[in-house]
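*Asks:* Submitted below is the structure of interest, expressed as structure tokens.
The values are calculated or read from the model by the stated rules, or taken from the named source; none is laboratory data. A quick note: this is a predicted structure, and the numbers were derived from the prediction, not measured. Here the Cβ is made from the backbone with ideal geometry for all residues, glycine too, and neighbour counts use every protein chain on show. Remember, those area values only see protein heavy atoms, side chains included, never the ligands or the DNA or RNA. Shrake-Rupley method; radii C 1.70, N 1.55, O 1.52, S 1.80 Å.
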Amino acid sequence: MRIALDIVEGDAGQRVARAFSLVNPPADPVLEFYGVIVPEGPLSPRLAKLRAGDTLYVASNPAGFLVLREVPDARTLWLLSTGTGIAPFLSILRTDAPWQRFREVVLVHAVRHAGELAYRDALAKLREERGGQLKTVTFVSRETAPGSLAGRIPAAIADGRLEAAAGAALSAADSQVLLCGNPDMLKDAAAALAARGLRKHRRRLPGHITVESFW
């Protein structure tokens, strides 16, 4: 979903918009966005300074491909994310759909530093509510972090570490995979999945991989 601010500099003004993912479930009237501050960016530093009562423009037409109604049934739903790419998956997990349609759900979140592992309390609460139906795996690539795997998601798909950490099989026979995050992860993870026999999902040709890129 695109959000925007009117920015005035000198005598000129413009409306600057960027795409952000919603964290809240669709039924929640309070909209929650997850993003990072880009110091030299035209929008995010100003968003960070907003106060109650300030004006923010929100598009009325959400867009994207990470919607479960487009995803075929399977035993296991894999949600693979980097950075702020976890946001749409948190929204999905706060609805009834994944728990009704999939026997198990594996949420994977990869970051550079452990401090970037957001929503840990919310995920702990979800795990408690869903029992063994929800599994979470985290990656930290630039420092050692107890409880998290090292390296990148694609390599862990290729060498089997991701399956071992999740305690679930990642195969064309029983998996659907949703990818959201940085372009390198999307490209390399899709290639690693293809090497295992999974293919991109299309309406006319059902497959196993659904991708959302917001870069």
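*Asks:* What residue, of GLU128, GLU163, GLU116, is of a type in the set (D, E, K, R) and open to solvent by less than 50 Å² (accessible area, probe 1.4 Å)? Reasoning before the result, please.
*Replies:* Working: GLU128 fails: open to solvent by less than 50 Å² (accessible area, probe 1.4 Å); GLU116 fails: open to solvent by less than 50 Å² (accessible area, probe 1.4 Å).
That would be GLU163, the only listed residue that is of a type in the set (D, E, K, R) and open to solvent by less than 50 Å² (accessible area, probe 1.4 Å).
*Asks:* Please specify each residue of segment 55-72 satisfying the condition of being among the hydrophobic types (A, V, I, L, M, F, W, C) and either in contact with a Cys (Cβ under 7 Å, 6 or more places away or on another chain) or open to solvent by 40 Å² or more (accessible area, probe 1.4 Å) (or both). It would help to see each step written out before you state the result.
*Replies:* Of all residues in segment 55-72, those among the hydrophobic types (A, V, I, L, M, F, W, C) come to 56, 58-59, 63, 65-68, 71.
Listed by number, the residues that qualify are LEU56, VAL58, ALA63, PHE65, LEU66, VAL67.
*Asks:* Could I ask something else about it? Mind checking which helices (runs of 4 or more DSSP H) fall wholly inside segment 5-118 and carry at least 3 residues that are of a type outside the set (Gly, Ala, Ser) and within 24 Å of VAL140 (Cβ to Cβ)?
*Replies:* 87-93
*Asks:* How about segment 193-210: which of its residues are surrounded by fewer than 19 Cβ atoms within 10 Å (Cβ to Cβ) and either within 14 Å of VAL67 (Cα to Cα) or at pLDDT below 95 (or both)? Working first, answer last.
*Replies:* Of segment 193-210, the ones surrounded by fewer than 19 Cβ atoms within 10 Å (Cβ to Cβ) are 194-197, 199-200, 202-207.
Those that are surrounded by fewer than 19 Cβ atoms within 10 Å (Cβ to Cβ) and either within 14 Å of VAL67 (Cα to Cα) or at pLDDT below 95 (or both): ARG202, ARG203, ARG204, LEU205, PRO206.
*Asks:* Among the residues of segment 167-192, what is the count of those that are within 21 Å of GLY85 (Cα to Cα) and open to solvent by 10 Å² or more (accessible area, probe 1.4 Å)?
*Replies:* Kept after step one, since they are within 21 Å of GLY85 (Cα to Cα), are these residues of segment 167-192: 170, 175-192.
Narrowing further to those that are open to solvent by 10 Å² or more (accessible area, probe 1.4 Å): 182-184, 186-188, 190-192.
Residues that pass the stated criteria total 9.
*Asks:* Say we look at segment 1-54 and pick out the residues that are of a type in the set (S, T, N, Q) and open to solvent by less than 90 Å² (accessible area, probe 1.4 Å); which of these is farthest from ASP96 (Cα to Cα)?
*Replies:* Applying the first criterion (of a type in the set (S, T, N, Q)) to segment 1-54 yields 14, 21, 24, 44.
Checking the rest, the ones that are also open to solvent by less than 90 Å² (accessible area, probe 1.4 Å) come to 21, 24, 44.
Details: SER21: 19, ASN24: 13, SER44: 32 Å.
Looking at the filtered set, the residue picked out is SER44.
*Asks:* So, one more: For ALA97, are the conditions met, namely being open to solvent by less than 90 Å² (accessible area, probe 1.4 Å), touching a residue at least 12 places away in the same chain (Cβ under 8 Å), touching a strand residue (DSSP E or B) at 6+ places or on another chain (Cβ under 9 Å) and among the hydrophobic types (A, V, I, L, M, F, W, C)? Break it down into steps so the answer makes sense when it comes.
*Replies:* Values: open to solvent by less than 90 Å² (accessible area, probe 1.4 Å): yes; touching a residue at least 12 places away in the same chain (Cβ under 8 Å): yes; touching a strand residue (DSSP E or B) at 6+ places or on another chain (Cβ under 9 Å): no; among the hydrophobic types (A, V, I, L, M, F, W, C): yes.
Criteria not met by ALA97.
*Asks:* Taking only pairs six or more apart or across chains, which ones have beta-carbon atoms under 7 Å, a first residue in segment 121-139 that is free of Cβ contacts under 8 Å to residues at least 24 places away in the same chain and closer than 13 Å to VAL105 by Cα, and a second residue that is open to solvent by 50 Å² or more (accessible area, probe 1.4 Å) and of a type in the set (Gly, Ala, Ser)?
*Replies:* Between residues of segment 121-139 that are free of Cβ contacts under 8 Å to residues at least 24 places away in the same chain and closer than 13 Å to VAL105 by Cα and residues that are open to solvent by 50 Å² or more (accessible area, probe 1.4 Å) and of a type in the set (Gly, Ala, Ser), there is no close pair.
*Asks:* Tally the residues that are more than 27 Å from ASP73 (Cβ to Cβ), surrounded by 11 or more Cβ atoms within 10 Å (Cβ to Cβ) and over 17 Å from the mean Cα position of the chain (by Cα), restricting the search to segment 131-146.
*Replies:* 4
*Asks:* Go through segment 147-160 residue by residue and tally those that are surrounded by fewer than 16 Cβ atoms within 10 Å (Cβ to Cβ) and under 13 Å from LEU80 (Cα atoms). If you could, list the steps in order and put the result at the bottom.
*Replies:* Going through segment 147-160, the residues surrounded by fewer than 16 Cβ atoms within 10 Å (Cβ to Cβ) turn out to be 147, 150-151, 159-160.
Now drop any that are not under 13 Å from LEU80 (Cα atoms), which leaves none.
Number of matching residues: 0.
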